[in-house]
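Data first, discussion second: the structure below is written as structure tokens.
The values are calculated or read from the model by the stated rules, or taken from the named source; none is laboratory data. Owing to the predicted nature of the structure, the values given are computational and were not obtained by experimental measurement. Here the Cβ is made from the backbone with ideal geometry for all residues, glycine too, and neighbour counts use every protein chain on show.
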Amino acid sequence: MDLFLTIVVLVAALAVCWRFLGTYMAGVFEGRITFLAWAERPVYRLLRTSPEQEQTWQRYAGALVVFSGLSILFTYLVLRIQGSLPLNPEHLGAVSPALAWNTAVSFVTNTNWQNYAGERTLSYLSQMTLVVQQFLSPAVGIAVALALVRGLARRESKTVGNFWVDVTRAVLYVLLPIAFLAGIVFVAQGAVQTLAGPAHVRDSLTGFTQVIPRGPVAFMEAIKQLGTNGGGFYAANGAMPYENPTGLTNLLSIVLLLAIPVALTATFGDMVGSRRQGLALLAAMAVLFGAWTGFTTWAEHQPNPAVAAAGLPHQPTGNMEGKEARFGDTQSALYGVASTQTSTGSADAAYDSFNPIGGFGLLSGMMLGEVSPGGVGSGLYTILLFAILAVFIAGLMVGRTPEYLGKKIQAREIQLAGIGILVMPIVVLVLTAIAVSVHAGRVAPLNGGPHGFSEILYAFTSQANNNGSAFGGISSNTAFYNVLGGVAMLLGRFAIMVPVLALGGVLAEKATVPAGPGTFRTDTPLFVGLVIGSILLIGALTFFPAVSLGPIVEQLSHGRFFG
Amino acid sequence: MYVHLRRSLVLLLCSFAVLGLAYAYAATGLSQALFPHQANGSLGPNGSTLIGQPFDATRWFHGRPDDFGPYAADPAKGVSGGDNPLEADGLQGSSGPTNLGPRSKVLLEDTRALIRWWHEHGVQPTSDLVTTSGSGLDPDISPRSALVQIPMVAKATGVPPADLRALVEREVHPAEWGFLGSPTVDVLQLNEALAHLEARLGLHPGKSR
């Protein structure tokens with residue numbers, strides 16, 4: 001009942017986002033909403049660019065790659081020399097090269113995979129440097145989505161927009177104001193926000209002493225969720241009361257991380273001139289999200305097999321291992337689903353201790369390509385790849401050149417969409433195979449048996465999807481996992497973004513064919529079903545064997561426990 | 001290429017100044033002005049109400065078991081950073097869960113030991129009391145988890161069970177808006193109230209009996 005009411009509030013909040021934030025973003029990125037022009041203009045002057053200077057897809061992609069490369073370098077350097085920089089009250093030393101590489105790539109690619117315990121590893125300045133990327137990486141995601149949408153919306157155009165303008169507007173009009181407002185709520189509820197260093201406390205009842213790390217946490221939490229980043233200040237992420245203090249902030253987190261990906265489908269609809277087209281994509285997202293929420297929350301409401309076998313009688317609460325008392329079983333599971341079906345990867349519970357089917361829900365959410373609703377920007381462009389694939393399949397069935405939004409989908413478009421869809425599964429499966437084949441890979445899992453394999457599979461699935469959540473038992477702060485993980489994150493980000501931008505460019509150059517009586521409509525329930533089918537089919541075909549060795553065999557191992 | 005590099009560098013430096021430094025300082029200034037208690041960590045005289053502590057004597061209500069755990073679990077094993085965000089009683093730690101899987105032998109054995117410990121103290125444990133939390137420093141337990149500990153605490157303190165029951169019921173925080181999350185009892189606040197009650201009843205807090 002509590003879960004039901006929570007979902008009702010969640011759906012209502014997202015409906016408001018879809019209606020208003022979606023329209024607002026379309027206005028911002030089409031240059032119709034300009035109330036912050038006074039802040040934009042100096043940026044463009046410094047960059048020597050302007051909204052009128054449009055770029056071809058090649059230049060757009062070039063700017064993106066150079067900007068992201070420089071961001072990685074800058075973040076890496078700050079982490080390496082944090083010991084000599086200010087804002088370091090706990091006098092923490094340099095981050096090791098492999099870890100700094102992994103962390104820099106992680107935050108620039110919107111992954112926020114964390115191979116370190118934040119409160120014991122990073123200075124305040126390093127955390128602030130990561131926050132910069134928590135704003136910029138979702139802005140870059142939005143920019144790529146915009147380029148693809150413009151490709152669909154424009155006719156015979158050589159250009160797809162201006163990368164610098166899109167990123168600047170995404171930060172100034174969307175991310176910064178919403179994150180700031182949400183940050184205030186986090187603080188009011190109890191999240192910490194101070195630069196005063198750790199607190200030293202002594203309990204006069206027991207004589208117990210504690211040193212509690214503090215920092216600028218609350219406002220990092222806001223952009224961590226809003227930008228579908230997921231990297232928190234503390235190792236325990238959203239389970240830590242200083243990051244996520246109450247049931248209200250837990251719901252706010254879920255709303256924030258879903259808000260932009262959901263609203264972008266409305267933005268898409270507005271930009272291509274038909275809200276129904278956006279609604280169709282949203283419907284596909286919602287069906288997948290609803291199904292996964294259903295079985296994952298059900299699974300977590302069941303007793304934990306190990307705890308039940310230890311002799312605890314049946315309880316009204318389900319699997320509480322690794323969960324916080326204030327959130328409970330099902331709302332932790334809801335948070336987990338939202339976090340893994342977007343590219344967020346934040347956690348308010350230990351995903352490693354979820355029941356086998358619950359863990360499968362999280363893992364498989366990422367394996368579907370994070371399209372329901374996916375990361376900021378990345379969710380929209382990835383589901384558009386599946387939409388193009390769906391019209392292609394429909395076209396094959398009726399023997400007619402497929403069209404999407406009046407654009408003919410031909411060999412070139414399908415090649416690019418195919419690359420964009422297949423990069424992630426290839427990276428996940430190849431790297432997992434390497435890791436289980438070598439000693440350095442096999443020593444990392446904490447848990448034995450099928451769950452140990454799941455920890456490795458989860459690690460690469462998460463990084464290649466730029467998610468960042470983990471089955472946290474894995475000891476992945478090793479040179480092997482840091483380096484390989486960095487490669488997974490880079491490929492999972494840029495080997496998809498570049499084909500998407502190319503697709504945007506190719507589509508933009510095309511003329512639009514008017515819809516005729518034989519045109520396959522892409523705003524109907526039939527099309528929604530076809531998109532969902534394509535997503536499920538590709539996910540199942542690529543990942544079923546791997547998943548059966550992990551969570552599925554674990555679920556079927558009744559009465560067996562692994563050392 | 002050169003143009004991209006120059007623009008990247010300029011945008012990155014602007015972003016660092018605005019989104020890194022200015023954002024953090026403006027946010028901290030505002031938070032300290034509007035909500036200083038929360039922004040500084042909800043600290044009271046005995047610690048933070050948001051960060052768990054190990055209450056390991058039977059005269060206190062206990063929180064979630066963590067590796068600092070009072071119970072049967074071996075503290076030296078260090079399976080998590082329980083109650084130990086940076087340093088607790090001089091020992092290093094960090095926040096985090098045990099990460100034991102649902103079919104872990106270690107989890108099975110640890111839980112068995114915890115259940116045995118509770119039974120030895122006359123308590124029929126709830127799931128909160130035999131499972132570790134996500135943060136490893138969960139400050140809360142469910143109201144039922146506090147109620148089941150009453151026989152143990154009553155025996156150790158001499159406070160009548162009826163008074164303890166009333167005390168627990170007063171300390172229940174309902175879920176936000178009635179349905180967001182679960183109702184909880186803050187273990188530190190509950191024990192502070194318990195010490196208060198003992199003093200009022202003329203019992204001596206701080207001494208085991």
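Hey, any hits in the range B:74-88 for a residue that's at pLDDT below 90, more than 10 Å from chain A (Cβ to nearest Cβ) and either in a strand (DSSP E or B) or closer than 18 Å to residue B:188 by Cβ (or both)?
Yes; the residues of the range B:74-88 include at least one that is at pLDDT below 90, more than 10 Å from chain A (Cβ to nearest Cβ) and either in a strand (DSSP E or B) or closer than 18 Å to residue B:188 by Cβ (or both).
How many residues does the range B:105-122 contain that are under 21 Å from residue A:562 (Cβ atoms) and either out of contact with any Phe, Trp or Tyr (no Cβ under 7 Å at 6 or more places or on another chain) or not in a helix (DSSP H, G or I) (or both)?
8
If you scan the range B:1-55, which residues turn out to be surrounded by 16 or more Cβ atoms within 10 Å (Cβ to Cβ) and part of a loop (DSSP other than H, G, I, E, B)?
Hits for the range B:1-55 are B:35, B:40, B:41, B:42, B:46, B:49, B:50, B:51, B:52, B:53, B:54, B:55.
Results for (1) facing chain A (nearest Cβ under 7 Å); (2) within 24 Å of residue A:215 (Cα to Cα); (3) at pLDDT below 90, shown as yes or no for each residue.
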| site | (1), (2), (3) |
| --- | --- |
| B:16 | yes, yes, no |
| B:24 | yes, yes, no |
| B:40 | yes, yes, no |
| B:50 | yes, yes, no |
| B:58 | no, no, yes |
| B:67 | no, no, yes |
| B:90 | no, yes, yes |
| B:101 | yes, no, no |
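Just give me the residues in the range A:160-216 being of a type outside the set (Gly, Ala, Ser), surrounded by fewer than 23 Cβ atoms within 10 Å (Cβ to Cβ) and in a loop (DSSP other than H, G, I, E, B), in sequence order.
Residues satisfying the conditions are A:194, A:195, A:198, A:203, A:205, A:206, A:208.
Checking residue A:250 against (1) buried (at least 24 other Cβ atoms within 10 Å of the Cβ); (2) polar (S, T, N, Q); (3) outside any helix (DSSP H, G or I); (4) at the interface with another protein chain (Cβ under 7 Å from one of its Cβ atoms), which single condition isn't satisfied?
Every listed condition holds for residue A:250 apart from (3).
Six or more apart or on different chains, Cβ under 6 Å: which pairs go from a residue in the range A:169-197 that's in the same structural domain as residue A:263 (by TED's automatic domain parsing) to one that's of a type in the set (S, T, N, Q) and assigned to a loop (DSSP other than H, G, I, E, B)? Could you list them?
From the range A:169-197, the pairs are A:189/A:246; A:190/B:42; A:194/B:40.
Step by step: first the residues of the range B:107-119, then only those that are within 24 Å of residue A:240 (Cα to Cα) and in contact (Cβ under 8 Å) with a residue 24 or more places away in the chain, then the one that is farthest from the chain's Cα centre (by Cα). Which residue is that?
Within the range B:107-119, the match that is farthest from the chain's Cα centre (by Cα) is B:110.
Could you tell me whether residue A:59 is more than 27 Å from the chain's Cα centre (by Cα), of a type outside the set (A, V, I, L, M, F, W, C) and in a helix (DSSP H, G or I)?
When the stated conditions are applied, residue A:59 does not pass them.
Taking the criterion of being at positive phi, more than 9 Å from chain B (Cβ to nearest Cβ) and part of a loop (DSSP other than H, G, I, E, B), would at least one residue in the range A:321-330 satisfy it?
no
Would the range A:219-228 turn up any residue that is closer than 23 Å to residue B:98 by Cβ, under 19 Å from the mean Cα position of the chain (by Cα) and in a loop (DSSP other than H, G, I, E, B)?
No.
For the range A:385-491, which fully contained helices (runs of 4 or more DSSP H) count at least 1 residues that are at pLDDT 95 or above and in contact with a Leu (Cβ under 6 Å, 6 or more places away or on another chain)?
Per the criteria, A:411-437, A:449-464.
Within the set of pairs 6 or more residues apart or between chains, which connect a residue that is farther than 9 Å from residue A:162 by Cβ inside the range A:39-52 to a residue that is surrounded by 17 or more Cβ atoms within 10 Å (Cβ to Cβ) and aliphatic (A, V, I, L, M) with Cβ atoms less than 6 Å apart?
Between residues of the range A:39-52 that are farther than 9 Å from residue A:162 by Cβ and residues that are surrounded by 17 or more Cβ atoms within 10 Å (Cβ to Cβ) and aliphatic (A, V, I, L, M), the close pairs are A:39/A:172.
On the basis of being touching a His at 6+ places or on another chain (Cβ under 6 Å), at pLDDT 95 or above and under 25 Å from residue A:550 (Cβ atoms), does residue A:330 make the cut?
yes
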